[in-house]
Each structure stands twice: as structure tokens, then as C-alpha cells.
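J.: Let me give you the structure first, and then I'll get to my questions.
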Amino acid sequence: MKGKDLTERVYHEIKRDLMLRKLPSSELFSEQMLADQYHCSRTPAREAAGRLVSEGYLNKYPSKGYIVRLPTEREMNEMRYCCYVLEAAALRQSFHNAYAEEFRSLYELIDRKHDDPDIAYFSNMTFHYELAKLSGNDTIVSYIERLHGLMIRGEQAPIYRGSAYLDEKLPQKIDVKTTADNALTEKERHRRIVDALVARKLEDAIRYLCQDTYPNIPFGEINLG
């Protein structure tokens, strides 16, 4: 494997390890350390790391090396807010573009069992990715995929609190009245989204999407100013 193919392989392996939290967030690592770990020369290691710096996964310190970039609390809240906005838009397009059979195919993703919690997170990300794909809007899908990839490190950081951004205001008025809804598991929240789509109940699907985006907030009625 040479040139761009090698750089692409190293890029994807480092990115995956970043999302799986296999690279420590408090240690500097050099291009040579990356080259040794991913079995390549320094050139593809440098090119892959540079790409991850531009995408927000790493910080670079000249003459010293790289360090994992953890999103700030504000950035986490902004990304979560953006995820909700984009996924709600994708869901609306999917509602008009996709068939009930395509929505039902998502049940297979929901029902898969994963013993490894890291892989289980990818299952969550895959569900949102596949749901967004039904919109047929590749641009929205790519942004959603990138946001979930960046958020995974921040969700493990102590600064993350799961609070909504902009004084708990979301893109529309959503009424979530029962505290029982906040106790649902991830799979149950996903199933409610798909159930609503199959039943052709768009607003219910969006409400359940909101609950899935902000599962830790015991909110009652949320308004957008």
C-alpha cells in the first residue's frame, strides 16, 4: 500500500481509535510515535494527523507533537444543538421521501446486541446516520456523521453536562410533559422514533428525536425565542 491509499488507511485507523478513546487525551504524541503505532513512515502519519487537526480531532504543537482535542462544554452544546437541527430537517425529508419498509429496516439496527460499550456507541451513531440517509440529502448526512464523530470524545469528558444550549431553547416548541419519557433507554428512544415514522406521525417522531438528543434533561415545555 502506497501514497494516498496508505495515508487514507492511517487516517481512518487513527480516527477510529480517537472515537474509541484508545489514544490518551492528556499525552503528547509525535509523528514518529504515530508512524510506529500504525506501521507506516512519518509522511503518511503526518498527512493523516494534519487532516485530523483540520477536522477538529487533534491539536498540533509545533516541534512537540499532537494531543487529542476535547470539545469544550460550549462546543458540545453547540454541536448537540446542530445535530438536533440537522437530524430534524433530515427526518422531515425522510418522512416525505422514504417508504414505510425503509423505516422498518431500522428495527434491525435497533435490535442488534453489543457487549462492548464502545461498539455500542457506534451502533447509536449508525442508527442516526442510517436514519439521515433516508432523507436523500448527502450534505446533511455528512455533517451529521462528522458531528457525532467529534462529540464522542466530549461525551466522556468531565466538562460535559448534557445541558441544552441557548438557555434550553430548541428550534421549535416541543412539549415533553412526562418524566417517564426521560427514563427510556437509548434503544427505546430509537424505537419510538421509528414507530412514529412507520405510523406516519411526523411531529411525534421529531419529539422523540428531541428526547434522544437530550436524554438527560428533565424538561417540561421548551420554547424557542
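The values are calculated or read from the model by the stated rules, or taken from the named source; none is laboratory data. The structure presented is a predicted model; accordingly, all values stated were derived computationally and were not measured. Positions of Cβ are generated from backbone atoms using ideal geometry, with glycine treated the same way; all protein chains shown enter the neighbour counts. The accessibility values were calculated without ligands, DNA or RNA, using every heavy atom of the protein model including side chains. Shrake-Rupley method; radii C 1.70, N 1.55, O 1.52, S 1.80 Å.
J.: Looking at (1) touching a strand residue (DSSP E or B) at 6+ places or on another chain (Cβ under 8 Å); (2) in a helix (DSSP H, G or I); (3) among the aromatic types (Phe, Trp, Tyr), which is the one condition that is false for Tyr84?
T.: Evaluating Tyr84 over (1) touching a strand residue (DSSP E or B) at 6+ places or on another chain (Cβ under 8 Å); (2) in a helix (DSSP H, G or I); (3) among the aromatic types (Phe, Trp, Tyr) leaves (1) as the failure.
J.: When you check Glu47 against the structure, is it open to solvent by 60 Å² or more (accessible area, probe 1.4 Å) and in contact with a Ser or Thr (Cβ under 6 Å, 6 or more places away or on another chain), yes or no?
T.: Spelling it out, Glu47 is indeed open to solvent by 60 Å² or more (accessible area, probe 1.4 Å) and in contact with a Ser or Thr (Cβ under 6 Å, 6 or more places away or on another chain).
J.: Any residue in the stretch 1-12 that is within 14 Å of Arg42 (Cβ to Cβ) sitting within a Cβ distance under 6 Å of a residue that is open to solvent by 30 Å² or more (accessible area, probe 1.4 Å) and modelled with pLDDT of 80 or more? List the pairs, counting only those 6 or more apart or interchain.
T.: Here the result reads Thr7/Glu47, each pair linking the stretch 1-12 to a residue that is open to solvent by 30 Å² or more (accessible area, probe 1.4 Å) and modelled with pLDDT of 80 or more.
J.: Cβ-Cβ distance below 8 Å, separation of 6 or more or different chains: which pairs start in the stretch 77-100 with a residue that is among the acidic types (Asp, Glu) and end on one that is assigned to a helix (DSSP H, G or I)?
T.: Note: pairs meeting the criteria are Glu78/Tyr165; Glu87/His128; Glu87/Leu131; Glu87/Ala132; Glu87/Ile144; Glu87/Leu209; Glu87/Thr213.
J.: Does Leu52 fit the bill of being out of contact with any Phe, Trp or Tyr (no Cβ under 8 Å at 6 or more places or on another chain), farther than 30 Å from Lys201 by Cβ and not acidic (Asp, Glu)?
T.: No, not satisfied.
J.: State yes or no: is Tyr129 surrounded by fewer than 20 Cβ atoms within 10 Å (Cβ to Cβ), free of Cβ contacts under 8 Å to residues at least 24 places away in the same chain and touching an Asp or Glu at 6+ places or on another chain (Cβ under 8 Å)?
T.: yes
J.: Still on this structure: For the stretch 94-113, enumerate the residues that are more than 21 Å from the chain's Cα centre (by Cα), more than 11 Å from Leu131 (Cα to Cα) and part of a helix (DSSP H, G or I).
T.: Matches in the stretch 94-113: His96, Asn97, Ala100, Glu101.
J.: Quick one: is Gln37 touching a Lys or Arg at 6+ places or on another chain (Cβ under 9 Å) and either open to solvent by 30 Å² or more (accessible area, probe 1.4 Å) or within 17 Å of Thr7 (Cβ to Cβ) (or both)?
T.: Here the answer is no, as Gln37 does not meet what is asked.
J.: Select from the stretch 50-96 the residues that are surrounded by 17 or more Cβ atoms within 10 Å (Cβ to Cβ) and polar (S, T, N, Q) and write down the one among them that is nearest to Gln37 (Cα to Cα).
T.: Asn77
J.: Which of the residues that make up the stretch 18-34 are loosely packed, with under 14 Cβ neighbours inside 10 Å and in contact with a helix residue (DSSP H, G or I) (Cβ under 9 Å, 6 or more places away or on another chain)?
T.: Matches in the stretch 18-34: Lys22, Ser25, Gln32.
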